[in-house]
Amino acid sequence: MSLAHGRHFLSIPGPSVMPDRVLNAMHQAAPNIYEGDLITLTGEVYDNLARIARTSTAVPVIYMANGHGAWEASLTNVFSRGDTALVLFTGRFARGWAEQAERLGVTVKSIDFGPRSPVDPALVEDALRADTGHEIRAVMMVQTDTATSVLNDVKAVREAIDAAGHPALLMVDCIASFACDSFEMDAWGVDVMVTGSQKGLMTPPGLGLNFVGPKALEARAKADLATPYWDWQPRCNPQVYYQKFCGTAPTHHLFGLHEATTMILEEGIENVWARHVTLSTAVHAAVEAWGRGGPLECNIADPAHRSRAVTSIRTGAIDANALRRYCEDQLGLTLGIGLPLGSPVMGGREEGVFRIGHMGHLSAPMILGTLGSIETAMTALDMPHGPGAVAAAAAVIAGHPRS
Ligand SMILES: *Cc1c(COP(=O)(O)O)cnc(C)c1O
């Protein structure tokens, strides 16, 4: 007998759980793409996205692509062949973005902070001060690295750039963190923000987003890597609706994203962030309890630098694959695989790690169910773990400020 019946629960860091409201919004006939409701709805999606990103100066751009497409879009609009970028590695994802930049002909300088630590802004400032000729055109970083689950301090990196008196643009990958971790595009001086539809935005994979600040749009004028499909210029200043998407609009993704962004704004973005803080803190409390009687530990030791969207858990001598397999086959819970934490290989796996995605459309029972299921698996498989994890998570959730 298996207990994997009822609704299967996906607890991976994207795609995330899609709300029924989003699914239902997508369930409709093809619309008129030239005039009428779709045009109005598209305008509302852009407005909602800007409000969620806390910007009144940046323009959202929506591509039919995943996060990798959004990465490439951002690079081709900012750089010319031979330009230099400073990329901050805190795991796997900034590396992937840097690899794309190198293949496009950009010279990449990098600082590697290792697989278990956040960006140190002081080292960024030093590197920029040393660049007396101002060759570095942009600093590129991720807010949350989805492999290591580190949360980087974006505001502190902007302050480091300013302290060094350096004109570099700040480009931030918020693919895992957007609408999960707090983010202030204007207040933090972010010039380019990159995200995707399938994580905090609770919409199917298929949309890649760039948020283009005024200085970034200026940089576009000089970028010789720009290509027709990815070009920001017509998408930011369209003469006709068609140019916003360089072709047919992603109609049903827009229906879904409209509903998802409406839900986020109905809840209030600050409440969304606070909910992610409480639920992620509950996960961390559970992992710490398990770790008091076994090898499990959060990959990131400092709670202030743990992502609110995903938690990477080191399992030591415990077989993470056996744990995940039991959860999936016997309990109906899919957990995230371990991704290479710092290795040069994209697409590989890190043994001895699993990840819990806690992004987007999540409630207390969903998190408590995930944690209880992991505990069940460790009990069934005789894996050593400390007691009281679910109670520790419940105590965190019980302490949340009620509305
Ligand atoms: C998911 C993710 C990506 C890649 O997105 P895809 O849609 O899989 O291409 C890039 N960066 C971060 C931080 C991510 O979490």
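The values are calculated or read from the model by the stated rules, or taken from the named source; none is laboratory data. Just so you know, these numbers come straight off a predicted model, no measurement behind them. Glycine also receives a Cβ, built like all others from the backbone with ideal geometry; neighbour counts cover every protein chain displayed. Remember, those area values only see protein heavy atoms, side chains included, never the ligands or the DNA or RNA. Shrake-Rupley method; radii C 1.70, N 1.55, O 1.52, S 1.80 Å.
Among residues other than LEU341 with Cβ under 13 Å from its Cβ, the summed charge is +2 (Lys and Arg +1, Asp and Glu -1). Seen against the Cα atoms of the chain and their longest principal axis, helix 154-163 is set at about 40 degrees.
Tell me what the chain gives for mean residue ellipticity at 222 nm when only DSSP H runs of n ≥ 4 count, each as -39,500 (n - 2.57), the sum divided by the residue total, rounded to 500 deg cm²/dmol.
Values: 13 runs with 152 residues, N = 403.
Helix-only estimate at 222 nm: -11500 deg cm²/dmol.
Averaged per residue, the range 20-266 has 37 square angstrom of accessible surface, using a 1.4 angstrom probe with ligands and nucleic acids left out. Whole angstrom only: what separates the Cα centroid of the range 254-320 from the Cα centroid of the range 202-250? A separation of 31 Å, based on Cα centres.
Of all the C-alpha pairs in the range 242-335, what % are more than 22 Å from each other?
Details: 2312 of 4371 pairs.
Of all Cα-Cα distances in the range 242-335, 53 percent exceed 22 Å.
Classify the range 195-259 as rounded, prolate or oblate from the Cα gyration tensor: take a ≥ b ≥ c as the square roots of its eigenvalues, call it rounded if a/c is under 1.5, otherwise prolate when a/b beats b/c and oblate if not. Prolate, because a/c is 1.5 or more and a/b exceeds b/c. Only lysine pairs 8 or more places apart, or on different chains, with alpha-carbon atoms under 27 angstrom apart are counted in the chain, and they number 9. When a 1.4 Å probe is rolled over the protein heavy atoms, the share of accessible surface on the chain that falls to carbon and sulfur comes to 54 percent.
In this structure the amide hydrogen of HIS358, modeled in the peptide plane, comes within under 5 Å of the amide hydrogens of VAL310, THR311, none closer than 5 places in sequence on its chain. Using θ = phi - 60° in the Karplus curve 6.51 cos²θ - 1.76 cosθ + 1.60, the 3J(HN,Hα) couplings for the range 14-23 round to x, x, 9, 5, 9, x, 4, 4, 5, 4 Hz; x is entered for Gly and Pro. Treating each Cα of the chain as one equal point scatterer and applying the Debye formula with no solvent, the log10 of I(q)/I(0) at q = 0.06, 0.10, 0.13 Å⁻¹ comes out as -0.24, -0.66, -1.09.
Projecting the Cα atoms of VAL272, LEU368, ALA282 onto the dipole axis of the chain, where Lys and Arg carry +1 and Asp and Glu carry -1 at the beta carbon, places LEU368 farthest toward the positive end. Classify the range 293-359 as rounded, prolate or oblate from the Cα gyration tensor: take a ≥ b ≥ c as the square roots of its eigenvalues, call it rounded if a/c is under 1.5, otherwise prolate when a/b beats b/c and oblate if not. Rounded is the answer for the range 293-359, as its axis ratio a/c remains below 1.5. The solvent-accessible area of ILE269, taken with every protein chain present and a 1.4 Å probe, is close to 10 Å².
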